[in-house]
Amino acid sequence: MACPDELTLDLWLADALPSDEAAKVAAHANTCATCTAAKRAAHALDAELHAALALDIEELAYLRNLQLAATWDTSATAAALSWGWIALAGVVAGFAAWLVAAPVFGSALAAAVQVGVGTVLLHTVLELAFSLGQALLEVIRNPALGLSQPLLALLAVALLVWPRQFIPHRSTQS
């Protein structure tokens, strides 16, 4: 058999040839001095490349001190509170405070209107705000929605109110 070309030898050394062709090249390479020398040269080049790319002691020590495992290990970061959870807790606490405070403010507003302290405009605006709050409370207390309804209501209110915070208010007085 004639010597295989360089590509075939490289594929054979990388175990990338089909088994029948690899057996033929192996049988030839074991008996051919030229192919055996090429095989030794490839192994020497491989060893030289591995030695050239290997990290020295100082580089290994530097990498050990970086503690790279902490960047992908989520067990340490899972225990820490994230800002998202803090924000969610704030929204839930605000919602709970609203559930407690809304009836008190509604009663105070009703008393102020009966006494005549409030103006018609103030009464209308606050009545609208409280009726919206009451409608929201009725939706939240609806038993058909199940236990997930407070979070759904909070999400709906957040989606309705959030973009309006960034829109400048127009003055009603000219």
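Values quoted throughout were computed directly from the atomic coordinates according to the rules given, and no laboratory measurement underlies them. Quick caveat, the model's predicted, so the values are computed rather than measured. Neighbour counts are summed over all protein chains in view; Cβ atoms, including those assigned to glycine, are modelled from backbone coordinates with ideal geometry.
Here is how the numbers come out for the structure above:
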read-out: Cα gyration tensor shape of the stretch 12-53, rounded if a/c is under 1.5, else prolate or oblate by comparing a/b with b/c; value: oblate
read-out: Paramagnetic label zone (point 7 Å from Cα along Cα-to-C-beta, Ala47; backbone N under 18 Å) in the stretch 1-28; value: 13-14
read-out: Gain upon complete extension [Asp15, Ala97; 0.36 nm per residue less C-alpha separation]; value: 22.5 nm
read-out: Under the Karplus curve 6.51 cos²θ - 1.76 cosθ + 1.60, θ = phi - 60°, whole-Hz ³J(HN,Hα) for the stretch 125-131, x wherever Gly or Pro sits; value: 5, 5, 4, 4, 5, 6, 5
